[in-house]
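The values are calculated or read from the model by the stated rules, or taken from the named source; none is laboratory data. Bear in mind the structure is a predicted one, so any value in this text is a computation, not a measurement. For neighbour counting, all protein chains shown are included, and Cβ atoms are generated from backbone atoms with ideal geometry for every residue, glycine included. In case anyone asks, the SASA skips ligands and DNA or RNA and just uses the protein heavy atoms, side chains included. Shrake-Rupley method; radii C 1.70, N 1.55, O 1.52, S 1.80 Å.
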Amino acid sequence: MGIRGIWVCVCLTALADVRSQSLTKCAKVREAFQLRQLGAAKAAPDTSSAGPDLQMTSSTCRSHNLTCCTKKMEERYQVAARRDFQNLLQKSCSSLKLFLSRSVAAFQEAVEVLVHQVQNHTLSLLQSAYGDLAERMLPPVSELFADVELFVLGAELSPEEAVQRFFHSLFPLVFQQLVEPGLAPLDPAYAECARTAAMGRRGPGAFGPAPGLLAARVGGASLPARLFLQALHLGVEVVNTTARPNLARECRRALLRMAYCPRCQALPARPPCMGYCLNVLRGCLASLAEVDAPWREFVRSLEELGSPPRAGLDLGQALGDTTALVRDAVAHVRASAPWLSAQVRSVCGLPRRETAHARIIQQGSGMRDPSLPLRRPTTRTDDTLGIRTRELLQGLRVYRTFYGGLADQMCVSELASADTITCWNGADMVRSYTQRVTGNGVQAQSDNPEVRVKEVDPIINQVIDKLKHINQLLQGRTIPRLGTLDRIEVGSGDMVAPYSGDCDDEDSCWGSGNGVSDRPAAPKLAPEQIPRTQDTGPASVARPAQTRCVLLVLLAAAAALFSS
């Protein structure tokens, strides 16, 4: 064999060796492709080639080297890269979401415990002060506390209207006990007429200033608690939205290049370079980084709202004042009993009673001396709510910088490694990444060599606007007196409607309404609407009631003439 023959043998051996290595490498790529359930094994080529369909400019994994991928495989890899990233992002957000969800549940439970504790203590004090009358007060008192609890938890009602209904329901009982005691309860129609005549005028009404004071205290304390819970609900929504962002085309291509393009070249499994990973993720999560500033302010605003001396948000103390204010209201009725009797009789006539009852109702039966002070609670009833609030705020501080460091945390904890000798830089295996690493946020991505970012995602912009709005509410910048909650969109189609807590005795806030209301159930773990309170003067309710009383008198007179 001559020299020429020897060269031919060497070349054939080299070609055979290259083909053998190509077969081995592509077999591993094909196996991994199938194990990931990205497609059938036959979709992957047996041997590496120049990959003409990957040499087009539209291809992400195009390379000057031989490749074990096809255009179809690249499309499958892109779907996998997007899915992997979204799963990792949701995993990174899961701890914050779980914390906020549990905080909502714990805060709701603390509110329920607090309200029930104060309610039981209030009923106990009323029982010791008013005896038999306190038993008849049980339904109105229970409804008042239930309404306050429902309001804090997000139901569509107003604490001022709840206090108004409470005193409207309380008046017939007190009027019958102190002003017109008799052998039987008053006729319901007469009791309604008496209530309208005594409470339907401008001024403090039959109970004096107590209803207005109680409404101001309960409304002033329940509104911050409701707002605190509403903010937690919004926090859950923010996390849910940001955990599923829209990924732009540039981001999807960068994720594919970082995660799966090395497989097409059958390169050894190595993580991406740290700087390369940071550039890709800071570009993909640029919009989420814009949430950082309002989120930090959100955490700080919650801390200010729930910090001492408002750790219990004053709800327990405000509700604890109910007994003393009810006592003041009853004392006001007792002191003005002669005037009230004359006022009611001039409008409604002589008292009419239910004939089916023979129970004697004596004036002041079972009531203690009104000059004696009532016992104050011996234990703090707001400890549970205060403890839960402090625990919540302490845990939330850990997540203050969550959105500002999300991309870095994902690279450091899950994707990249600084300890490997070689790493993937988007084109080849190298010892270090030499490109400039950009900062966080949309503006910082103008120099990002891996991902081009033009603007903040519109959905993330909505999240930012909601956070800014709730921050203003938490800081009290848009809450005059008891507060005004402007509309905040929450979730898909849910709205938080405006709430106005303004009420003035000069507007006769306690001189209208019939005391009948269907109380909706409070939502659990879902933000609801806060209705706008509308003050109604006596003309809107008192006049129809007075008209009914006059008609009753005329009908009675006509019946008497007819019978004669």
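One chain, two ends: GLU135 and ALA342. Fully extended at 0.36 nm per residue, the span grows by 71.8 nm beyond their Cα-Cα distance.
Note on segment 84-160: with neighbouring protein chains present and a 1.4 Å probe, carbon and sulfur make up 52 percent of its accessible heavy-atom surface. Spin-label pair ARG82-GLU109: with each label point 7 Å from Cα along the Cα-Cβ axis, the two points sit 4.1 nm from one another. Taking 0.36 nm per residue of separation and subtracting the Cα-Cα distance, full extension of the segment from SER142 to GLU75 would add 17.8 nm. Separation of the alpha carbons by more than 30 angstrom is noted, of LYS91/LYS468; LYS72/LYS466; LYS28/LYS454, for LYS72/LYS466; LYS28/LYS454. Each peptide among 342-354, 273-285, 233-245 gets the average number of other Cβ atoms lying within 10 Å of its residues, and from highest to lowest they stand as 273-285, 233-245, 342-354. Distant-in-sequence amide contacts of ASP187, defined by a placed amide H-H separation under 5 Å and a gap of 5 or more residues or a different chain, comprise ARG352, ARG353, GLU354.
The charge dipole of segment 105-196, taken about its Cα centre with unit charges on the Cβ atoms of Lys, Arg (+1), Asp and Glu (-1) only, comes to about 240 debye. Pair-distance distribution of segment 85-174: all C-alpha pairs, bin width 5 Å, starting at 0; shares per bin in whole percent are 3, 13, 16, 16, 14, 9, 7, 6, 5, 4, 3, 2, 1, 0.
A Förster radius of 45 Å, combined with the Cβ-Cβ distance separating GLN435 from GLU156, puts the computed FRET efficiency at roughly 0.20.
From most to least packed by mean Cβ count within 10 Å, the peptides 79-89, 429-439, 398-408 give 398-408, 79-89, 429-439. Taking Cβ atoms as reference points and 14 Å as the exclusive limit, the residues near PRO449 contribute a net charge of +2, counting Lys and Arg as +1 and Asp and Glu as -1. Computed with a 1.4 Å probe over protein heavy atoms only, the accessible surface of segment 107-198 comes to 26 Å² per residue. Taking the Cα atoms of segment 104-256, the ratio Rg/Rh between the radius of gyration and the Kirkwood radius comes to 1.24. Under the simplified labelling scheme, the ASP428-SER94 pair shows an inter-label distance of 3.9 nm, with each label point 7 Å from Cα along Cα→Cβ. Where the centre of each part is set by its Cα atoms, how far does segment 88-159 sit from segment 215-240, in angstrom? Spelled out, the Cα-based centre of one part sits 13 Å from the other.
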